[in-house]
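Here the structure comes first, spelled out in structure tokens, and everything after it is commentary.
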Amino acid sequence: MDRLSDLDRRFLERALALAERARGHTHPNPIVGAVVVKDGRVVGEGHHPRAGAPHAEVFALEAAGEAARGATVYVSLEPCNHTGRTPPCSLALIRAGVARVVVAARDPNPEAGGGIERLRAAGVEVVLAGWDERVRQQNLAFFTAVRRRRPFVRFKAGATLDGRLADAEGRSRWITSEASRRVAHAFRQEAAALVVGAGTAIADDPRLTTRDPDFRPFPEMREPPPLRDPLPVVMDTEARTPPDARLVARGAWVLVGEGAPERRIAALREAGARVAVLPREEGRVSVAAALDLLYRSGLTSLLLETGPRLAGAFFRAGAVDRVSLFLAPLFLGEGRGLLEGCAPALDEAPRFRLLSSERLGEDLWLELAPREGEGSACLPD
């Protein structure tokens, strides 16, 4: 790790803030920001807006023009060194004639890494800031997907203090406050896809869109990004999702089990759903098979808004990387619990560590991650 000046820190902070302008829009790529500085003055800046578009460095260099020659570039993630849908950013920086590049953290993707070495070989001074943990937290889904070869999974739930998702008649609107729901919608914005079970799709006919989010979970953000809706995914072993469901109209993935009725599968496909037939595990669609399919489809982050049985299956598979739990100050005593079938005994229960807690009006918002060695969170190597 190289020492940074106060100016270096200031402009690197700006690069991280610029990256947030595209939160939720760059899957399967990370969010990245870049700033070009000449004689202590910003002459260009940019961010990666979406997959397939030019990267942050390219936008920043274009904004700087000839002023980029001899300048310092600050970038929130190592410039890429491979040719994919866009040329290597390391080569763009060399061709622009920059003198110095300050990098917040290395890229964990071995296919894209190596930009630092290429720049140094071309005579460009490279400063590695060592902000690895901050950048990892900013791009938690990307880092997890690269290292685990499956999507990052966040389980979100609103519950009573005794862990009930709904009352005995199945009513859940509204257990938590509007403030909690707004933060939860920020997690919808962040996720590539939102996963529900067939029961939710049938009973609620939800839209699963992003509405009026509160972005406080993302401290680097200086201005809200454009809103986007996550892709709906229905885990539906028997293909019970109605073809006229609003999720189907949005082109949802419907993941059904082997042996599901062919006529239902055909009706869903005809209505516009993307249907995949997957192996069963313990009588329902295999979580591992679902994660593999979605990862290979470019969906690097999932938000679970599921009932207790499906949520329990993800926990049992060790596939939950974060828990965002919103607790309202009321008790029910009866009704649907948070999880079912997660662990048969106390000594087999997955244990989580508390990352943060915050009051949202009268509610309590908890962020948790699996303890190291007991879950599948992307922990530092």
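In summary, strands (runs of 3 or more DSSP E) completely within the stretch 1-75 and bearing 3 or more residues that are among the hydrophobic types (A, V, I, L, M, F, W, C) and surrounded by 22 or more Cβ atoms within 10 Å (Cβ to Cβ) occur at 33-38. Does at least one position in the stretch 116-125 carry a residue that is under 30 Å from L294 (Cβ atoms) and open to solvent by 30 Å² or more (accessible area, probe 1.4 Å)? Checked against the condition, which is being under 30 Å from L294 (Cβ atoms) and open to solvent by 30 Å² or more (accessible area, probe 1.4 Å), the stretch 116-125 yields no hits at all. Between T237, T200, T210, the distinction of being crowded, with 18+ Cβ neighbours inside 10 Å, in contact with a Gly (Cβ under 9 Å, 6 or more places away or on another chain) and in a helix (DSSP H, G or I) belongs to T200 only. For the stretch 144-168, how many residues meet the condition of being in contact with a Lys or Arg (Cβ under 9 Å, 6 or more places away or on another chain), within 16 Å of A369 (Cβ to Cβ) and open to solvent by 10 Å² or more (accessible area, probe 1.4 Å)? The total comes to 2.
Out of G84, G113, one residue alone is closer than 21 Å to P49 by Cβ and modelled with pLDDT under 95. It is G84. When A349, A317, A328, A311 are checked against the criterion of being of a type outside the set (V, I, T) and within 16 Å of L194 (Cα to Cα), a single residue qualifies: A311.
The values are calculated or read from the model by the stated rules, or taken from the named source; none is laboratory data. This is a predicted model, so every value here is computed, not measured. Note that each Cβ is placed from the backbone with ideal geometry, even for glycine, and that neighbours are counted across all protein chains shown. Side chains included, ligands, DNA and RNA excluded: accessible areas come from the protein's heavy atoms. Shrake-Rupley method; radii C 1.70, N 1.55, O 1.52, S 1.80 Å.
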